[in-house]
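Here is the structure we will look at, set down as structure tokens.
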Amino acid sequence: MPRISEFYGIFIYMYFQDHGPAHFHAIYGETEAQVEIETGRFRRGRLPPSAQRLVLDWLRLHRIELLDNWRRAQAGLPLNPIPPLE
């Protein structure tokens, strides 16, 4: 599972050929959540509220890059790193 970004102790991963809808995995400490790229909905798991806000801010900034990486992951192609939240 390639790491595509990291910021404020939050690690963002995406699996190759994962099931839809398009999503990524956010890990913060002992918590993990799957976040839908299109809607920002937390599908599974949870993060502390402050980490959740940071992940959603980052998602809004990088939705196009995330969707491109989702397509690449589905095709088994290398994923591109995405800049962290600053």
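Considering only residues that are within 18 Å of Leu85 (Cα to Cα) and within 11 Å of the chain's Cα centre (by Cα), look in region 37-58 and name the one that is most open to solvent (accessible area, probe 1.4 Å).
The first filter runs over region 37-58 and keeps only residues within 18 Å of Leu85 (Cα to Cα), leaving 37, 40, 47-58.
Next, from what is left, pick out any that are within 11 Å of the chain's Cα centre (by Cα): 37, 40, 55-56, 58.
Values: Ile37: 0, Gly40: 13, Val55: 0, Leu56: 34, Trp58: 0 Å².
Across region 37-58, the extreme among qualifying residues is Leu56.
Run Asp18 past the list (1) among the charged types (D, E, K, R); (2) touching a helix residue (DSSP H, G or I) at 6+ places or on another chain (Cβ under 9 Å); (3) under 19 Å from Pro83 (Cβ atoms) and report the number of the one that doesn't hold.
(3)
Which residue pairs have Cβ atoms under 6 Å apart, sit 6 or more places apart or on different chains, and have a first residue in region 1-12 that is open to solvent by 40 Å² or more (accessible area, probe 1.4 Å) and a second that is outside any loop (DSSP other than H, G, I, E, B) and hydrophobic (A, V, I, L, M, F, W, C)?
The qualifying pairs are Arg3/Phe11; Tyr8/Leu54; Phe11/Ile27.
Please specify each residue of region 13-36 satisfying the condition of being loosely packed, with under 15 Cβ neighbours inside 10 Å and either touching a Cys at 6+ places or on another chain (Cβ under 9 Å) or at pLDDT 95 or above (or both).
Pro21, Gly29, Glu30, Thr31, listed by residue number.
Can you give me the number of residues within region 59-77 that are loosely packed, with under 14 Cβ neighbours inside 10 Å and without any contact (Cβ under 8 Å) to a residue 24 or more places away in the chain?
Qualifying residue count, region 59-77: 5.
The values are calculated or read from the model by the stated rules, or taken from the named source; none is laboratory data. A quick note: this is a predicted structure, and the numbers were derived from the prediction, not measured. Note: ideal-geometry Cβ built from the backbone for every residue, glycine included; neighbour counts use all protein chains shown. For accessibility, only protein heavy atoms count, side chains too; no ligands or nucleic acids. Shrake-Rupley method; radii C 1.70, N 1.55, O 1.52, S 1.80 Å.
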